[in-house]
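The values are calculated or read from the model by the stated rules, or taken from the named source; none is laboratory data. In this text the structure is predicted, and so the values were computed from the model without any measurement. Using ideal geometry, Cβ is built from the backbone for each residue, glycine included, and neighbour counts are taken over all protein chains shown.
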Amino acid sequence: MQLTKKSGYGLIAALELAANIGKNPIPAGAIAAKYGLPPAFVGKILHQLKSAGLISAKQGCSGGYVFALNPSDVSVRSVLEALGESLDLVGCIDVASDCALASVCPTKAVWRGLDKKFKSLLESLSLHDMIATDHD
């Protein structure tokens, strides 16, 4: 499994908004400029996060985006899933897998265990945790 640029950029945008909770809305272009990201791509990512209910948009000349939830209540996993990212370490552990070795694979149990631990770690790590780590 490899996370995409969308995942990385989306997490950056979510963290930027979460770190500024209670402050003025931040335009998509400002986030893009601060981190050197493609503005149109950041706009699309923010739209997805808004559709998922993680952020909200404020219209007008002083508009932009604000984080809609408490960053302590939002996991890294929920941000990545809001962006439509697959978090499966390998595709073959899914029950619907079309892998020819699925019924006899000696590594399937290991992958399934690692997958469960990985997803649990992403679920246990909140945006607040990441913001606090960044300031340590």
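Inside the range 21-44, residues that are of a type in the set (A, V, I, L, M) and either surrounded by 18 or more Cβ atoms within 10 Å (Cβ to Cβ) or closer than 15 Å to Leu83 by Cβ (or both) make up a count of 6. Selection of the range 8-41 for residues being out of contact with any Phe, Trp or Tyr (no Cβ under 9 Å at 6 or more places or on another chain), in a helix (DSSP H, G or I) and either of a type in the set (S, T, N, Q) or within 22 Å of Ser78 (Cα to Cα) (or both) yields Gly8, Gly10, Leu11, Leu15.
If we only count helices (runs of 4 or more DSSP H) wholly inside the range 62-136, which ones have 3 or more residues that are charged (D, E, K, R) and surrounded by 12 or more Cβ atoms within 10 Å (Cβ to Cβ)? Step through it out loud before you land on a result.
On the way: elements: 76-82, 108-124, 127-134.
The helices (runs of 4 or more DSSP H) meeting that bar are 108-124.
Being under 23 Å from Ile131 (Cα atoms), among the basic types (Lys, Arg) and without any contact (Cβ under 8 Å) to a residue 40 or more places away in the chain is the requirement here; does Lys5 meet it? It is true that Lys5 is under 23 Å from Ile131 (Cα atoms), among the basic types (Lys, Arg) and without any contact (Cβ under 8 Å) to a residue 40 or more places away in the chain. I'm trying to understand the selection: among the residues of the range 90-113, which are under 30 Å from Ala14 (Cβ atoms) and modelled with pLDDT of 85 or more? Within the range 90-113, Trp111, Arg112, Gly113 qualify.
If you check Ala109 against the conditions, is it more than 15 Å from the chain's Cα centre (by Cα) and either over 20 Å from Pro27 (Cα atoms) or not polar (S, T, N, Q) (or both)? So Ala109 fits the description; yes. Where the second residue is aromatic (Phe, Trp, Tyr) and outside any loop (DSSP other than H, G, I, E, B) and the first is in contact (Cβ under 8 Å) with a residue 40 or more places away in the chain and lies in the range 17-32, which pairs have Cβ atoms under 8 Å and are six or more apart or on separate chains? Every condition considered, the pairs that remain are Leu17/Tyr65; Leu17/Phe67; Ala18/Phe67; Asn20/Phe67; Ile21/Phe67; Pro25/Tyr65; Ile26/Tyr65. Residues of the range 45-61 that are among the charged types (D, E, K, R) and surrounded by fewer than 14 Cβ atoms within 10 Å (Cβ to Cβ): Lys58 alone.
Quick check on Leu49: is it part of a helix (DSSP H, G or I), of a type outside the set (Val, Ile, Thr) and at pLDDT 95 or above?
Details: part of a helix (DSSP H, G or I): yes; of a type outside the set (Val, Ile, Thr): yes; at pLDDT 95 or above: yes.
Yes, satisfied.
Being in contact with a Gly (Cβ under 8 Å, 6 or more places away or on another chain) and closer than 22 Å to Gln2 by Cβ, is that true of even one residue in the range 93-109? Yes, some residue in the range 93-109 is in contact with a Gly (Cβ under 8 Å, 6 or more places away or on another chain) and closer than 22 Å to Gln2 by Cβ.
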